[in-house]
Amino acid sequence: MSGMVAPDSPSGKAFSTRDSFATVYNFYKKNLPADSEQSHVTSPEQAAVFLFGPTGDRLSVTVTSSPLCCKTFIVIARAKI
């Protein structure tokens, strides 16, 4: 069973960009449902979490600034919760 994923297990993708945290954050803030932002912190690094979708099929988008120079990370994940 090595490498197999159960049908109800979480799945997701991770991305990085040279766009600033503010650019990426503002894109998701504008394009996701108004009540989807769950958290937004600015220290020690900038991070924001958005969660939306029906119960049982939620989608999360996590945006974080890199502790190193010049990258923003985006993780998009789906979970059957």
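Among the residues of segment 45-81, write down those that are out of contact with any Phe, Trp or Tyr (no Cβ under 6 Å at 6 or more places or on another chain) and of a type in the set (Ser, Thr, Tyr).
Correct list: Thr55, Ser60, Thr62, Ser66.
Where in segment 25-65 are the strands (runs of 3 or more DSSP E), entirely inside, with at least 3 residues that are surrounded by 15 or more Cβ atoms within 10 Å (Cβ to Cβ) and in contact (Cβ under 8 Å) with a residue 12 or more places away in the chain?
The strands (runs of 3 or more DSSP E) meeting that bar are 47-52, 58-65.
Out of the residues in segment 67-77 meeting the condition of being on the phi < 0 side of the Ramachandran plot and modelled with pLDDT under 90, tell me which one is surrounded by the most Cβ atoms within 10 Å (Cβ to Cβ).
Checked segment 67-77; the qualifying residue surrounded by the most Cβ atoms within 10 Å (Cβ to Cβ) is Pro67.
For segment 58-72, how many residues meet the condition of being hydrophobic (A, V, I, L, M, F, W, C) and over 15 Å from the mean Cα position of the chain (by Cα)?
3
Among the residues of segment 66-81, write down those that are in a strand (DSSP E or B) and not charged (D, E, K, R).
Thr72, Phe73, Ile74, Val75, Ile76, Ala77, Ala79
The values are calculated or read from the model by the stated rules, or taken from the named source; none is laboratory data. On a predicted model such as this, the values are computed, not experimentally measured, just so you know. Here Cβ is always computed from backbone atoms with ideal geometry, including for glycine, and neighbour counts include all displayed protein chains.
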